[in-house]
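Novice: Got a structure for you, questions after.
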Amino acid sequence: MIRALALLLLLASPVAAQDDPSGETIVAGLSQNLVAITTNFSGSEILIYGAVRREAPIPDTAPLEVVVTVQGPSGPLVVRRKERRFGIWMNTDAVTISRAPSFYAIASSAPLEEALSETENLRHQITIPRAIRAVGIAAEAEDSPLFLDALIRLRREEGDYALSESSVKLLESTLFRADIALPANLTEGDYKVRLFITRDGAVIDSHEEIIKVNKDGLERWIHNLAHEQPLIYGLLSLVLAIAAGWGASALFGLIRR
Amino acid sequence: MQLYLPIAELSVNAFALLGLGGIVGILSGMFGVGGGFIITPLLFFMGIPPAVAVATGANLVVASSVSGVLAQLKRKAVDFRMGLVLLVGGLIGSALGIWVFAWLTTLGQIDLFVQLSYVLFLGLIGAMMLKESLGALLRSRKPNAPIRRAHVHYAVHKLPLKMKFRASGLYISVIPPMLAGASVGFLSAIMGVGGGFIMVPAMIYLLGMPTKVVVGTSLFQIIFVTAFTTVMHAVASQTVDMVLALLLIIGGVLGAQIGSRIGVMLRAEQLRVLLALMVLAVCLRIALGLLLTPSEVYSIALGAP
């Protein structure tokens, strides 16, 4: 029984590696595993670096490419569209997207079309449209793909979604580095970093890391208080407001005298 | 200087917020309005999520109103008895409004409803005030012109439950101020404002209160209605951002003191013309937003419907 399982595991294990005779694998690291959001947080830059380990000489078939993605926490959202009704612009149609990441950055060492085939993209959900789960949206509006396009366009304009092709630096098909900028309006949570090495559009090996993004210091304290003791938080906000109002009045009274 | 807001979850320029608070404070001190009807739309434009903008705006209005009312108290321009009657009505109306707000949110057209109420009420009140105050200003330039009677007796003066409001020099039924308070409380809950811009004209034109005590009394009532709103938002949806509020408050309380000094220097009629023009400007801005073709017809809202 155990032997049968072991055999099964052996057969199931690195399918991708079998395609590649040189047995190339990724060794990678991050400049930081923790991003602390403090009061003066204004964005951060993550350096992702690594090397390709191989047991045989570099195959001289197609060139090796690297694709890196960073994905923030996902959640459901609604995309609405305005239309003119009775002379005024109002929201009419809406499409619910079941899961979309709050942040998604993708960087590659060559144009994505060359670095990644469509089947591999489907399997690993690498490009921005693939990272968004939009099942059953066709039933919600006649032209539902337009809503998905609008979501991606709006988020790209805000800098929440970023695609930078040919930005990963790759040396001698072995050493690579990618710089990913995290914007200032980060959501708390686990950010998943994925690395893929490809040859001829096919993924040879992949690697995953997690970056934790947490509020820190005063930010953390305020956030926790607001969610765990909302009544005390609300009353504290009031006391603060009343004290500030009274304080300013008293101060101005003194200055005038 | 960029600052990260813990509840709104985004980074904003601290000085822009201080300036914004200052402008609202000046308005608050000058006119006795909380400034909510200016700050809430401005926070939307800065990219603050609407729910956070409305709740934090209410918190800011508490601070600027406290500061303003203290300045008015020194001038003995607060009618406490009238304020309490308005407040009782206001809290009833506010509770009712919050219920209607929740109901409209489930229907999915709350944004449109809020904007339409802004346009309707700001337009109506602005036009009424401008007409009346311009008339008063012209009359005061011509001393020979017939003076309007200080007291006009409408049907409202025949209602029961009469009460003496000494500071306002009125002896009227408590029903009209109670109703005025309730309708303002209702609107303020729906529009996310203190309601001073509706309360001030209602006191002058509906209740016939002297302009001298209107500003102080309005501020007094607004403090309690917005305090109620702030705590309720904090408990119900955790959308009060303390860091955002504090920045706006610091700007706001300083502005309120400056504003009440400017208010003393201007004549009551001039003050009313200015307030009317400002109310109309905000009305026009929101109306244009509804009428002009928007540059982006799509919008994203987080969470499932």
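Novice: Pick out, from the stretch A:34-103, the strands (runs of 3 or more DSSP E) lying fully within it that include 2 or more residues that are farther than 30 Å from residue B:2 by Cα and without any contact (Cβ under 8 Å) to a residue 60 or more places away in the chain. Working first, answer last.
Specialist: On the way: elements: A:34-37, A:44-53, A:64-71, A:74-85, A:88-101.
By residue number, A:74-85, A:88-101.
Novice: What number of residues within the stretch A:31-87 satisfy the criterion of being more than 14 Å from every other protein chain (Cβ to nearest Cβ) and closer than 15 Å to residue A:179 by Cβ?
Specialist: Matching residues across the stretch A:31-87 total 13.
Novice: Taking the stretch A:213-241, which residues are out of contact with any Lys or Arg (no Cβ under 9 Å at 6 or more places or on another chain), among the β-branched types (Val, Ile, Thr) and either without any contact (Cβ under 8 Å) to a residue 12 or more places away in the chain or not in a strand (DSSP E or B) (or both)?
Specialist: Answer for the stretch A:213-241, where residues must be out of contact with any Lys or Arg (no Cβ under 9 Å at 6 or more places or on another chain), among the β-branched types (Val, Ile, Thr) and either without any contact (Cβ under 8 Å) to a residue 12 or more places away in the chain or not in a strand (DSSP E or B) (or both): A:232, A:239.
Novice: Let me ask another. Quick check on this structure: which one of A:105, A:184, A:162, A:138 is among the small types (Gly, Ala, Ser) and surrounded by fewer than 14 Cβ atoms within 10 Å (Cβ to Cβ)?
Specialist: On the way: A:105 fails: surrounded by fewer than 14 Cβ atoms within 10 Å (Cβ to Cβ); A:184 fails: surrounded by fewer than 14 Cβ atoms within 10 Å (Cβ to Cβ); A:162 fails: surrounded by fewer than 14 Cβ atoms within 10 Å (Cβ to Cβ).
Among A:105, A:184, A:162, A:138, only A:138 is among the small types (Gly, Ala, Ser) and surrounded by fewer than 14 Cβ atoms within 10 Å (Cβ to Cβ).
Novice: For residue A:21, state whether it is assigned to a loop (DSSP other than H, G, I, E, B), surrounded by 14 or more Cβ atoms within 10 Å (Cβ to Cβ), in the same structural domain as residue A:211 (by TED's automatic domain parsing) and at pLDDT below 85.
Specialist: No: the conditions fail for residue A:21.
Novice: OK, next. Would you point out the residue of the stretch B:42-53, among those that are surrounded by fewer than 21 Cβ atoms within 10 Å (Cβ to Cβ) and farther than 16 Å from residue B:252 by Cβ, that is nearest to the other protein chains (Cβ to nearest Cβ)?
Specialist: Result: B:47.
Table: residues versus (1) away from chain B (no Cβ under 14 Å); (2) in contact (Cβ under 8 Å) with a residue 24 or more places away in the chain; (3) part of a strand (DSSP E or B).
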{"site": "A:173", "(1), (2), (3)": "yes, yes, no"}
{"site": "A:181", "(1), (2), (3)": "no, yes, yes"}
{"site": "A:186", "(1), (2), (3)": "no, yes, no"}
{"site": "A:190", "(1), (2), (3)": "yes, yes, yes"}
{"site": "A:208", "(1), (2), (3)": "yes, no, yes"}
{"site": "A:211", "(1), (2), (3)": "yes, yes, yes"}
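Novice: When you go through B:63, B:71, B:58, B:77 one by one, which is the residue that is farther than 30 Å from residue B:166 by Cα and buried (at least 17 other Cβ atoms within 10 Å of the Cβ)?
Specialist: On inspection, the qualifying residue turns out to be B:58.
Novice: If I filter the stretch B:246-305 down to residues being surrounded by fewer than 16 Cβ atoms within 10 Å (Cβ to Cβ) and among the hydroxyl-bearing types (Ser, Thr, Tyr), which single residue comes out as nearest to residue B:19 (Cα to Cα)?
Specialist: It comes out as B:295.
Novice: When the stretch A:231-248 is examined, which residues are found to be surrounded by 15 or more Cβ atoms within 10 Å (Cβ to Cβ) and either facing chain B (nearest Cβ under 7 Å) or among the acidic types (Asp, Glu) (or both)?
Specialist: Of everything in the stretch A:231-248, those that are surrounded by 15 or more Cβ atoms within 10 Å (Cβ to Cβ) and either facing chain B (nearest Cβ under 7 Å) or among the acidic types (Asp, Glu) (or both) turn out to be A:233, A:234, A:235, A:237, A:238, A:240, A:241, A:242, A:244, A:245, A:246, A:248.
Novice: Out of everything in the stretch A:218-230 that is facing chain B (nearest Cβ under 7 Å) and crowded, with 16+ Cβ neighbours inside 10 Å, what residue ends up being farthest from the chain's Cα centre (by Cα)?
Specialist: A:230
Conditions (1) at the interface with chain A (Cβ under 8 Å from one of its Cβ atoms); (2) among the basic types (Lys, Arg); (3) outside any helix (DSSP H, G or I), marked per residue:
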| residue | (1), (2), (3) |
| --- | --- |
| B:218 | no, no, no |
| B:229 | no, no, no |
| B:235 | yes, no, no |
| B:293 | yes, no, yes |
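Novice: OK, next. Have a look at A:109, A:98, A:164 and point out the one that is in contact with a Lys or Arg (Cβ under 6 Å, 6 or more places away or on another chain) and of a type in the set (S, T, N, Q).
Specialist: One residue alone meets the criteria, A:98.
Novice: Taking the stretch B:237-249 only, how many residues are closer than 22 Å to residue A:251 by Cβ and more than 8 Å from every other protein chain (Cβ to nearest Cβ)?
Specialist: 2
Novice: Which residues, taken from the stretch B:234-256, are more than 12 Å from residue B:53 (Cα to Cα) and of a type in the set (Ser, Thr, Tyr)?
Specialist: Hit for the stretch B:234-256 is B:237, nothing else.
Novice: Scan the stretch A:156-166 for residues that are in a helix (DSSP H, G or I) and in contact with a Pro (Cβ under 9 Å, 6 or more places away or on another chain) and report the count.
Specialist: Going residue by residue through the stretch A:156-166, those that are in a helix (DSSP H, G or I) are A:156-158.
Checking which are in contact with a Pro (Cβ under 9 Å, 6 or more places away or on another chain) leaves us with A:158.
Of the residues in the stretch A:156-166, 1 are in a helix (DSSP H, G or I) and in contact with a Pro (Cβ under 9 Å, 6 or more places away or on another chain).
Quick grid of which residues meet (1) more than 10 Å from every other protein chain (Cβ to nearest Cβ); (2) touching a helix residue (DSSP H, G or I) at 6+ places or on another chain (Cβ under 8 Å); (3) aliphatic (A, V, I, L, M):
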residue	(1), (2), (3)
B:7	no, yes, yes
B:10	no, no, yes
B:22	yes, yes, no
B:55	no, yes, yes
B:69	no, yes, yes
B:75	yes, yes, no
B:79	yes, yes, no
B:82	yes, yes, yes
B:115	no, yes, no
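Novice: Please determine whether any residue of the stretch A:102-113 is under 30 Å from residue B:289 (Cα atoms), modelled with pLDDT of 85 or more and within 24 Å of the chain's Cα centre (by Cα). Break it down into steps so the answer makes sense when it comes.
Specialist: Residues of the stretch A:102-113 under 30 Å from residue B:289 (Cα atoms): A:102-103.
Within this subset, residues satisfying the condition of being modelled with pLDDT of 85 or more are A:102-103.
Those still in the list that are within 24 Å of the chain's Cα centre (by Cα) too: A:102-103.
Checked against the condition, which is being under 30 Å from residue B:289 (Cα atoms), modelled with pLDDT of 85 or more and within 24 Å of the chain's Cα centre (by Cα), the stretch A:102-113 yields at least one hit.
Novice: Please state which of the following conditions residue A:90 fails to meet, knowing it meets all the rest: (1) under 21 Å from residue A:125 (Cα atoms); (2) within 11 Å of chain B (Cβ to nearest Cβ); (3) out of contact with any Pro (no Cβ under 6 Å at 6 or more places or on another chain).
Specialist: The failed condition is (1).
Novice: Kindly list the number of the only condition in (1) of a type in the set (Gly, Ala, Ser); (2) under 26 Å from residue B:271 (Cα atoms); (3) modelled with pLDDT of 80 or more that fails for residue B:136.
Specialist: It is condition (3) that residue B:136 fails.
Novice: Any idea which of B:263, B:252 is assigned to a helix (DSSP H, G or I) and within 9 Å of another protein chain (Cβ to nearest Cβ)?
Specialist: B:252
The values are calculated or read from the model by the stated rules, or taken from the named source; none is laboratory data. None of the values given here were measured: they were computed from a predicted structure. Backbone-built Cβ (ideal geometry, glycine too); neighbour counts: all protein chains shown.
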